[in-house]
Amino acid sequence: MIWIAIVLVSLTFLWLWRSKKNTKKLPPGPKGLPILGNLHMLGANPHCELHKLAQKHGPIMYLRVGFVPTIVVSSPQAAELFLKTHDLVFASRPPHEAAKHIAWEERNLCQTKTNSFSSVREEELDLLIKFIREASYDETAVDLSAKVATLSADISCRMVFGKHYMGQDLGGKGFKAVLREVMDLAAIPNLADYIPYFFDKIIDEHMQSDKGGEDEIKDFVDVMLGVGCTEESEYRFERSNIKAVLLDMLAASIDTTGTAIERTLSELIKNPRVMKKVQMELESVVGMKRKVEESDLEKLEYLNMVIKESMRIHPASPLLLPHQSMEDCMVGEYFIPKKSRIIINAWAIMREPSAWSEAEKFWPERFEGSNIDVRGHDFELIPFGSGRRGCPGLQLGLTLVRIVVAQLVHCFHWKLPHGILPTDLDMIEHFGVTVGRANNLVAIPTYRLNDERD
């Protein structure tokens, strides 16, 4: 019996030795616990904790989150490998549902409708400016975080669905509850299998309505039904296609856009020098007798630098949406197994010291004379992601952030309540579906334009 045990032990050691010898090289990473893997290391702010781990283990790092093999990408060079060089492998499914259909027949639907919905953005923003202007007469403090979140939701709903849904009951749920469900589902593959009831309700309502007039504003659902659901269409949109696009548009525009506006306003209020410089540019380009219009935005070079810097240092989605490897792949010297989850730590990438001088500092002037933009071509600046899983609502979201920040800064001076100094404004983050302020931004407005009082 002893010799049998010796043989079994010897065979076991031989098998382990051969397995270890033949194992392909995984990226380095910290040791995990049984069952939990490295889950206990993520903390309350996973993007920060993953950044610390990457500083020790490298820009391509292997973890286990529970039983899920996970690759964390934390440098611009590594991001380019996953999002460009091997983009097909890490798309997590066939080309992104929304991106594929929005660019159908090279129509670039997203860009076209961005311009078509300018009147919707103008109407909703006018209501907000009017509210704040009335508050300014009594020096009433305004909860900018709440107001911007509502504005973003109202504009998004009108563009996507054609009407407001805030406060309405949808299948036994309030819109805010349904929206949170939508945001939680945003990272799930095969989205159409999980879309809540109200998406079907929206599509049915649009199919029964008649928007045949040339002057009527058509929302995204109308457009998709019009170009892809007729007998004459070369390409047909299935209901699941439409629902996937709706989810992508909402996830890309509501929480992320509101958060980006909130964080940019916070930095401007905290940095009076930058605020003054933006206001001087607005006075020069627009004047003081009218509000900023979308046609002015491309001329506002410094404002656009401010927004890029805010998105760099405060990405609304610091870990982007997860990717998944569709097959085994070698990335550089490392083996990435099929069905690995890929996490792009955009927060760490956009604070990479080798890419950014004084990376922790809010300094818009770093973009002066630079062609770097946020559209996913420059991997040191990817607040919207890149590649096939890049954000399909990028142009919509960016336009809204720019016009809202421009009008709020052009129309009003802002000061903090209770005598709080700008330098004392807290910038504490709260990690959730997006990373916004832990405490709402509240400030007192003073109207500054020379137009006549309404």
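Bear in mind these aren't lab numbers, they're just calculated from the coordinates by the rules spelled out. Fair warning: this is a prediction, and the values are worked out from it, not measured in the lab. Here the Cβ is made from the backbone with ideal geometry for all residues, glycine too, and neighbour counts use every protein chain on show.
Which whole-number percentage describes the relative contact order of the stretch 291-363, with Cα contacts under 8 Å and a sequence gap of 6 or more?
30 percent
Expressed in nm to one decimal, what extension gain is obtained for the pair ARG290 and SER118 from 0.36 nm per residue of sequence separation less their Cα-Cα distance?
Full extension from ARG290 to SER118 adds 60.2 nm.
Stokes-Einstein diffusion coefficient for the stretch 259-299 at 20 °C in a medium of 1.002 mPa s, Rh from the Kirkwood formula over Cα pairs: what value in µm²/s? Please report the intermediate quantities before stating the final value.
On the way: Rh = 11.2 Å.
For these conditions, the coefficient is 191 µm²/s.
Show me the three semi-axes of the equivalent ellipsoid for the stretch 282-331, from the C-alpha gyration tensor (sqrt of 5 times each eigenvalue), largest first, rounded to whole Å.
On the way: eigenvalues 319, 26, 19 Å².
So the equivalent ellipsoid measures 40, 11, 10 Å along its semi-axes.
Once you have the Cα-Cα distance between MET427 and HIS40, take 0.36 nm times their residue separation minus that, and quote the gain in nm to one decimal.
136.8 nm
Which distance in nm do the two modelled labels at LYS361 and LYS52 give, with both placed 7 Å along the Cα-to-Cβ direction?
Placing both labels 7 Å along Cα→Cβ, they lie 2.6 nm apart.
Could you please rank LEU128, LEU303, placing first whichever residue has the fewest other Cβ atoms within 10 Å of its Cβ? Write down the numbers at each step before the final one.
Values: LEU128 20, LEU303 26.
Arranged by neighbour count, lowest to highest, LEU128, LEU303 become LEU128, LEU303.
Taking H as built 1.01 Å from N, whose amide H comes closer than 5 Å to the amide H of SER340, not counting residues under 5 places away?
Amide H neighbours of SER340: SER325.
Counting other beta carbons within 10 Å of each residue's own, what order do LEU81, LEU441 fall into, fewest first?
LEU81, LEU441
Please arrange PHE67, PHE199, PHE431, PHE367 by counting, for each residue, the other beta carbons lying within 10 Å of its beta carbon, fewest first.
Lowest count first: PHE67, PHE431, PHE367, PHE199.
Which whole-number percentage describes the relative contact order of the stretch 342-454, with Cα contacts under 8 Å and a sequence gap of 6 or more?
17 percent
May I ask for the net charge around SER266, where only other residues with Cβ less than 12 Å from the Cβ of SER266 are counted and Lys, Arg are +1 while Asp, Glu are -1?
My count for the surroundings of SER266 gives -1.
Let's see if you can work this out: charge +1 on each Lys and Arg Cβ, -1 on each Asp and Glu Cβ, no other charges. What is the dipole magnitude of the stretch 368-451 about its Cα centre, in debye to the nearest 20?
Roughly 300 debye, rounded to the nearest 20.
Measure off 7 Å from each Cα along the Cα-to-Cβ vector at GLU298 and HIS413, then give the distance between these two points in nanometres to one decimal.
3.4 nm
Please list, in chain and number order, the residues 5+ apart from VAL331 or on another chain whose amide H is under 5 Å from its amide H, with Hs placed from the backbone.
So VAL331 has HN proximity to ILE336.
Can you list residues whose amide H is under 5 Å from VAL65's amide H, if they're 5+ apart or on another chain and H is modeled 1.01 Å from N?
ASN38, THR70
Per the Kirkwood definition applied to all pairs of different Cα atoms, how many angstroms is the hydrodynamic radius of the stretch 246-370?
Values: mean 1/r = 0.0582 Å⁻¹.
17.2 Å is the Kirkwood radius here.
If Lys and Arg each add +1 and Asp and Glu each add -1, what is the summed charge of the other residues whose beta carbon sits under 12 Å from the beta carbon of PRO28?
The answer is +2.
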